[in-house]
Amino acid sequence: MSQDVFLLGLISAVWAALALAYALVPMLNMPGSALIWGSGAGLFLGLALWVRRG
Amino acid sequence: MTPNTHSSLSLSLAALAPGDRRLIRSLFIAALAALALGLLLGLWVALARAGWARPDLPETGYRLLTLHGVAVFFDWLTLAQAGLLLVLAAQERKAPLSLAWMGWAGLVVMLVAFVLHLLGTLGGNPLLYDGSPELVADARQGALLFYLGYGALALGLVLLALPGLATLVKARKAGSGSWTALGFGAFAWAGLLLVSAIALANTFLPAILWAVGLGGMPADHATLWHLLFHNMHYLPLLGTMLAWYLLLPELTGARSIFGSGFSKLVFCLYLVFVPPTSLYHMFLEPGLDPMVLVLGSLLSLFIGVPTIAAFLVVMTSLEAHGRARGARGGLGWLKSLDWSQTATHALAAAVINLALGGVLAFVLIQEKLAGLLSDTFFVPGYFHFMTLGVVTLSLLTVAERIAPALGGRGGSVAWARYLPWLITLGLFLFGVAGVVAGSQGMPRRVLDASYEGLAPTSWILLSWIIGIGALLMALGLGLMVARIGAAYLGFGPKALATEQPQAVPEELALKQGAWGASLAVALLLTLITAATWGAFALMRSLPVIAIGGAGH
Amino acid sequence: MTQALDPGRSLPTRRGFVAAASLGILGLYGVWAALGASGKSGKDESDGHAGHGGEPETASSSGGHGGHGASVGGPSTDDFRRLTEDFSKRWKQQDGSVRPGYVPEPVRSEPDPHAGHDMHAQPVQPQASHAGHAGHDPHAGHDMQAMQALAPNAHAGHEVAPLGNADGGNEVYLMAYQWGFEPSWLKLEAGKTYRFRMMAVDASHGASIQMGSGSLITRLRQGVLTEREITFTDKGSHLLYCTVFCGAFHDRMTARIDVV
Ligand code: HEM
Ligand SMILES: [Cu+2]
């Protein structure tokens with residue numbers, strides 16, 4: 001995997017983890033964040049795949 | 001087409017289809033128009049606050065502020081960033097753009113968004129640009145238009161981002177199968193642009209539904225707005241870094257000496273750290289867990305890491321390059337820059353404003369200080385260094401540099417060099433007076449902070465200084481916008497051919513003891529420490545002890 | 001990466017150096033710690049003020065709703081409106097200010113065995129007419145004494161208290177609405193710790209107090225009860241103002257707190 005794709009995937013992975021934390025840790029009280037960064041994670045996954053396919 | 005310059009940027013733009021160049025040119029013209037309008041409105045608000053030009057009705061004043069926020073923060077920044085994205089894509093692709101029609105559609109949608117915002121602001125209750133539904137419970141129609149403006153903006157963002165993304169993907173395939181650092185940065189940035197569109201929809205779809213009677217009043221609008229705002233104000237900061245990466249080789253011949261892999265990592269880290277740092281907008285919200293406050297402050301520090309890294313990469317490369325070419329002494333490399341160019345002055349001013357704004361930003365992310373500084377004029381006092389002094393100056397510089405290659409004019413005039421400094425001087429007055437007034441509690445978003453004589457008298461004096469600063473900012477920025485706008489419309493002196501400075505061999509640059517940027521960072525950290533300490537000292541000197549609630 | 005081994009490369013042009021220098025910003029956390037600002041909220045703020053911080057219950061663990069300063073399960077806006085009205089009525093002074101814990105309401109319809117006595121006590125306070133200067137009032141000390149002297153009578157007020165809690169005027173209800181505050185004029189004592197119970201009832205507002213060289217900024221969300229324990233250490237008169245944009249007359253939204 002090229003560095004470009006790897007880094008895009010990394011962004012996606014970190015955002016997905018954050019979205020989970022926002023969604024599951026009630027103390028953070030940030031469901032809105034979970035939605036945005038969860039979609040962002042999906043989006044960047046899609047972008048990474050797009051770049052990989054070319 | 002004017003391929004009479006030899007910079008790689010103008011060659012890339014020359015390789016576009018004529019329609020592509022027209023698109024980029026149109027985007028910048030629309031962007032400049034929004035900025036021109038917005039800066040006048042901002043000036044009016046500042047003069048109103050100083051008591052020199054207060055509108056008859058308070059509603060009018062708040063409508064001016066609403067439109068200032070919308071026109072500069074949403075319209076100018078979006079359109080100019082869309083233009084920059086296409087320029088970056090062209091630089092990577094060196095061939096016509098993909099999906100250029102979408103860019104045109106995006107431009108049209110942006111104009112529709114502006115009209116909707118305008119109508120929504122002029123009718124109905126005065127909202128500010130966050131459009132809190134609580135304030136329009138009895139006037140949903142005006143608010144509906146305003147919210148639809150944001151809906152259109154979200155669509156516009158998507159349409160404007162996609163041609164850039166598609167062109168970059170093509171460029172990567174056509175090239176060596178990997179991007180340059182700039183190409184990767186542009187792609188990731190455009191991705192974040194799409195996330196901002198999601199955040200916009202997330203915030204304003206519920207409001208739209210409510211305004212047409214299809215849903216309850218969105219209770220968490222304020223929170224959603226913070227998330228959107230958080231995205232929207234980091235986006236142009238990353239765009240600014242990319243603009244610097246783009247312009248420095250043009251201006252100085254210097255390229256990053258740290259390798260493209262490292263730059264890509266820095267851009268990537270920037271995106272990684274944006275989401276967890278949104279908490280600091282919430283410090284004053286009632287009901288946050290104390291642990292969240294501590295976590296929020298700590299995480300907010302992390303956004304500083306890629307920002308400082310990018311700063312060091314750019315500045316150290318520049319200094320090493322200058323030294324390798326024979327510059328001597330501590331500041332010889334600075335003197336050896338091409339100061340005959342307006343762009344050099346604008347970017348130098350931007351670096352200084354970044355330092356000033358950065359120091360203040362790191363004071364504001366301390367959660368304990370929220371109860372002293374949030375919702376005060378400290379906030380606009382500091383962020384105009386960023387939005388105007390850093391981002392707007394940098395985007396304008398890109399616009400200025402590419403005007404000739406887009407078929408416009410753009411010859412240099414000597415007085416244009418002073419404009420960035422005039423703006424910086426104005427910002428300094430506006431910002432410092434604003435920060436001082438803010439730390440004394442003078443609120444933001446009020447038209448008359450005298451409170452019928454009940455407020456400290458210093459607020460009045462400080463508002464005058466803010467007003468004078470605003471006048472200088474508006475004068476400098478207005479002239480800059482007028483000059484660049486004229487070039488885009490085909491007026492002004494013809495551009496002369498410029499040679500791109502030659503790069504020095506990298507081995508030579510790497511040997512230089514280029515310490516300037518590192519020392520600057522050390523100095524900044526010291527200033528941040530001092531400023532934070534000062535704010536704490538002030539807070540603790542107040543004759544009051546408060547526990548609980550928010551902000552502490 | 002080979003560059004680390006490259007002897008021809010100067011230190012500031014090394015990637016590792018840039019990475020390390022960038023991480024230097026995290027050192028700010030150390031600065032915060034040194035300033036006493038890194039720990040759990042609420043606690044450290046009271047460090048230097050043990051006298052005030054020693055209350056068994058801080059607002060960050062406000063009783064009953066197991067959360068923080070603000071609660072989801074607090075009173076509704078209507079309840080809060082009523083509580084505030086009761087509070088204002090209960091502690092209303094002749095000069096129009098509201099001074100919790102001072103004397104029981106002098107004019108009261110309920111049969112009160114001490115009412116006559118109270119009524120009698122009131123007119124001998126001549127400063128009521130120029131109470132606008134309460135902060136500098138030469139009679140302030142006298143007020144305090146009067147209050148203490150009358151304190152035993154306070155049980156009368158207690159019996160009729162609609163608030164249902166036997167406070168000695170330690171609680172302050174503050175309601176923010178478009179466009180004003182209720183009460184709009186508070187008189188509070190220096191050195192006494194008050195529990196402010198605040199709510200914005202129609203839209204979000206702020207309830208910030210100008211304290212001279214700085215302000216105490218508070219954001220109130222609509223319908224959310226926000227509680228803070230506030231102790232004023234010096235006498236003086238303070239502007240209370242709204243710091244969250246709330247419509248056309250946002251900047252007219254003020255009240256006064258006199259610390260006596
Ligand atoms: C000549 C240039 C400018 C002047 C004189 C100016 C002045 C002002 C003033 C006086 C305020 C109101 C502060 C308050 O009462 O809360 C304000 C708010 C604001 N300005 Fe500017 N400004 C300028 C340029 C810009 C630019 C270029 C941007 C962004 C790209 C910007 C973004 C904002 C934003 C986001 C707000 C906050 C609006 C709100 O709180 O609703 N300004 N500006
Ligand atoms: Cu208000």
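The values are calculated or read from the model by the stated rules, or taken from the named source; none is laboratory data. These numbers were taken from a predicted model, which means no experiment stands behind them. Glycine gets a Cβ as well: all are built from the backbone with ideal geometry, and neighbour counts include every protein chain shown. Heads up: the accessible areas ignore ligands, DNA and RNA and are worked out on the full protein's heavy atoms, side chains in. Shrake-Rupley method; radii C 1.70, N 1.55, O 1.52, S 1.80 Å.
Couple of notes before you dig in:
- Of all residues in the range B:236-271 being farther than 18 Å from residue B:311 by Cβ and open to solvent by less than 20 Å² (accessible area, probe 1.4 Å), the one that is farthest from the chain's Cα centre (by Cα): B:253
- Number of the exception - residue B:468 against (1) open to solvent by less than 20 Å² (accessible area, probe 1.4 Å); (2) modelled with pLDDT of 90 or more: (1)
- Which numbered condition residue B:358 misses (of (1) within 11 Å of chain C (Cβ to nearest Cβ); (2) under 21 Å from residue B:312 (Cα atoms); (3) touching a Ser or Thr at 6+ places or on another chain (Cβ under 7 Å)): (3)
- Qualifying residue in the range B:82-91 (condition: in contact with a Gly (Cβ under 6 Å, 6 or more places away or on another chain), modelled with pLDDT of 95 or more and small (Gly, Ala, Ser)): yes
- When residues in the range B:216-235 are screened for being closer than 17 Å to residue B:146 by Cα and either more than 9 Å from every other protein chain (Cβ to nearest Cβ) or open to solvent by 40 Å² or more (accessible area, probe 1.4 Å) (or both), 5 of them pass.
- Scanning the range B:432-450 for residues that are under 19 Å from residue B:359 (Cα atoms), facing chain C (nearest Cβ under 10 Å) and open to solvent by 30 Å² or more (accessible area, probe 1.4 Å) returns a single hit, B:440.
- Any helices (runs of 4 or more DSSP H) falling wholly within the range B:1-108 and containing at least 1 residues that are away from ligand 1 (no atom under 11 Å from the Cβ) and under 18 Å from residue B:410 (Cα atoms): B:8-14, B:18-50, B:77-93
This table checks each residue for (1) within 14 Å of another protein chain (Cβ to nearest Cβ); (2) surrounded by 24 or more Cβ atoms within 10 Å (Cβ to Cβ); (3) more than 16 Å from ligand 1 (Cβ to nearest atom).
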| position | (1), (2), (3) |
| --- | --- |
| B:112 | no, no, yes |
| B:117 | no, yes, no |
| B:120 | no, yes, no |
| B:129 | yes, no, no |
| B:141 | no, no, yes |
| B:149 | no, yes, no |
| B:152 | no, no, yes |
| B:156 | no, yes, yes |
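- The listed residue being open to solvent by less than 10 Å² (accessible area, probe 1.4 Å) and away from ligand 2 (no atom under 16 Å from the Cβ), out of C:225, C:220, C:240: C:225
- The range B:407-441, residues that are part of a loop (DSSP other than H, G, I, E, B) and away from ligand 2 (no atom under 16 Å from the Cβ): B:407, B:408, B:409, B:410, B:411, B:412, B:413, B:440
- None of B:328, B:323 is within 14 Å of another protein chain (Cβ to nearest Cβ) and open to solvent by 20 Å² or more (accessible area, probe 1.4 Å) except B:323.
- So residue B:527, is it modelled with pLDDT of 90 or more and away from ligand 1 (no atom under 16 Å from the Cβ): yes
- Listed by position, the helices (runs of 4 or more DSSP H) inside the range B:455-552 whose residues that are over 28 Å from residue B:356 (Cα atoms) number at least 2 are B:457-488, B:506-510.
- Among the candidates B:103, B:61, the residue that is within 16 Å of ligand 2 (Cβ to nearest atom) and either more than 14 Å from chain C (Cβ to nearest Cβ) or open to solvent by less than 30 Å² (accessible area, probe 1.4 Å) (or both) is uniquely B:61.
- Lone qualifier among B:340, B:336, B:300 - being crowded, with 24+ Cβ neighbours inside 10 Å and either more than 9 Å from chain C (Cβ to nearest Cβ) or within 30 Å of residue B:496 (Cβ to Cβ) (or both): B:300
- Set A:49, A:10, A:35, A:45: member being aliphatic (A, V, I, L, M), open to solvent by 70 Å² or more (accessible area, probe 1.4 Å) and farther than 15 Å from residue B:165 by Cα: A:35
- Some residue of the range B:408-421 being at pLDDT below 95, open to solvent by 10 Å² or more (accessible area, probe 1.4 Å) and β-branched (Val, Ile, Thr): yes
- Taken together, the residues in the range B:480-517 that are open to solvent by 70 Å² or more (accessible area, probe 1.4 Å) and either of a type in the set (Ser, Thr, Tyr) or away from every other protein chain (no Cβ under 14 Å) (or both) amount to 6.
- Qualifying residue in the range C:173-184 (condition: touching a residue at least 60 places away in the same chain (Cβ under 8 Å), in a strand (DSSP E or B) and within 7 Å of chain B (Cβ to nearest Cβ)): no
- Filter result for residue C:201 (in contact with a His (Cβ under 7 Å, 6 or more places away or on another chain) and within 12 Å of ligand 2 (Cβ to nearest atom)): no
- Matching residues, the range B:146-202, being more than 18 Å from the chain's Cα centre (by Cα) and hydroxyl-bearing (Ser, Thr, Tyr): B:147, B:150, B:167, B:176, B:178, B:180
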